[in-house]
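Below is one structure, written out as structure tokens; comments come after it.
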Ligand code: XMP
């Protein structure tokens, strides 16, 4: 896909590089990330209007530290250096960087000393602003052409500017929410410094992608495996808009979905969009195969493999296809920089339907591979998918199987499904659904004694989990308002036979994971 107005982000391995890309896109400008040692090629390919140099764990004081490729440094395009990016710019353009006696980590304040294009309409000289710092080294002597425009206690050159060359750099991280004005500084770089208009919209993306899909597929046939999740559904609807009946969707229903989910997918695709859909009810096959499996990884492996087998059978039945569509997202394809054992590049490849394209000799159609999760939701709404579908919490591919520690049986799936439905219904009624990243119940392989009426019960324990998160990589337990958990517990124990006790899981990630298995 051709993006004439791109900002290229050169990744030096910061944990938060992706946030820079998001802030740029929020400013209505398309952005791509390239690891520093593949940045020269990406620069030549994208011909960006500006470059942002990320932070990173290395020290420019070290001889073998990563560098900005010369082809980028001397190209004359506007640049914004962030933290390590600032230090690399300084060192490579003739200034000096020193190892600090004491670094700054966490919240700090900068005093604005002078105006510059980055600050337009955001910061004024004489003001003091909160920023988020995380650095050991600092810029000791500026490279020729630069002037300091803001200072902090630990970094006299907290922000530096070279207006003639349109190069700006800052010691703090503007991309994190702890720098309250950071997003506006990044937007200023994109618009005022690089001169971009900020008109990259989902409507434009949709139109451009449709053209791309038509050009790639031509008269070919595409098969799309639906998982019940948002990503594959959005990919399918977009592809259908591009090529209509050349697309067939295959929904492998493994019987491990939440209450009402399969009906929702079928209703949406057949009823609402009239997209050709093969609905395979494979619950018996999956349930029989899961008998006796208790190890979480073995469950995942069995489900993944069986999914592919069933999908492959169905694909053959409908006469095969040259293309396989997947809802792969940008975070799955970003090449990540790793500094363990020296700078190296590892490519995270994620296949929703692992191994299938090679096995069936199919080419991939991945229309979402440039988007972040929240952008997929925006695209889904743009395509007319209902809010209730697009805004759904993430759900793992292996489904309820990894929320039933121990052996998975039809009966235990049913108990969990009913309890989970009550929990989610109460969350929706309380208006809390959108404040939570993921909420679900887990049916534990533990039994506990209870009394109901005059009788003693001895049934399973259920754990409730709800977390907040921005990307699923870290998570905090959600704090429900007083009385909520008691209400849900009472309903579940009263209404779901097979559950005698309910607990709430307060573990954050790390050290825990979001799922129990
Ligand atoms: P964890 O449990 O690793 O989960 O903290 C992070 C996010 O990933 C989801 N998850 C999965 N998704 N297949 C998937 O498609 C899986 O095997 C799987 N395991 C975890 C989880 O629901 C959470 O959103």
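Read the figures in this text as sums done on the coordinates, not as results from a lab. Owing to the predicted nature of the structure, the values given are computational and were not obtained by experimental measurement. So basically every Cβ, Gly included, is an ideal-geometry build from the backbone, and we count neighbours across all protein chains shown.
Values computed for the structure shown
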read-out	value
The chain: calculated mean residue ellipticity at 222 nm from DSSP helix runs of at least 4, using -39500 (n - 2.57)	-9000 deg cm²/dmol
Rough spin-label spacing in nm, given labels placed 7 Å along Cα→Cβ, for residue 509 and residue 468	1.6
Scaled radius of gyration (Cα, divided by 2.2 N^0.38 Å) that the chain gives	1.10
Burial ordering of 79, 473, fewest other beta-carbon atoms within 10 Å first	473, 79
Contact order relative to length of the chain, as percent, for alpha carbon pairs under 8 angstrom and 6 or more apart	10
Tilt relative to the chain, helix 410-429 - C-alpha long axis, 0 to 90 degrees, to 10	50
Residues residue 316 and residue 40, FRET efficiency given R0 of 51 Å [Cβ-Cβ distance, rounded to 0.05]	0.70
Sites residue 164 and residue 387 - FRET efficiency at Förster radius 35 Å, r taken between beta-carbons, to 0.05	0.10
Helix 202-217 axis, angle to the chain major axis (alpha carbon atoms, nearest 10°)	70
Stretch gain in nm, segment residue 430-residue 208, where the contour uses 0.36 nm per residue and the Cα spacing is subtracted	75.9 nm
Inter-label distance for residue 114 and residue 294, nm, one decimal - labels placed 7 Å from Cα along Cα-to-Cβ	7.0
Inter-centroid distance (Cα atoms) of segment 93-126 relative to segment 234-281, Å	52
Fully extended contour minus Cα-Cα distance, from residue 495 to residue 47, at 0.36 nm per residue	155.2 nm
Neighbour-count ranking [beta-carbon atoms within 10 angstrom, fewest first] of 272, 240, 178	272, 178, 240
Protection proxy ranking, peptides 244-256, 503-515, average beta carbon neighbours within 10 Å, highest first	244-256, 503-515
Cα-projected label distance for residue 122 with residue 178, points at 7 Å along beta-carbon direction, nm	1.8
Centroid-to-centroid separation of segment 393-462 and segment 169-184 [C-alpha atoms, Å]	41
Cβ-derived FRET efficiency at R0 60 Å, residue 99 paired with residue 447, nearest 0.05	0.55
Contour minus Cα-Cα distance for residue 358 and residue 64 (0.36 nm per residue)	102.0 nm
Between 0 and 90°, nearest 10: helix 484-495 axis offset from the chain longest Cα axis	20
Packing-based ranking, highest mean first, of 475-481, 166-172, 16-22 given that Cβ atoms within 10 Å are counted	166-172, 16-22, 475-481
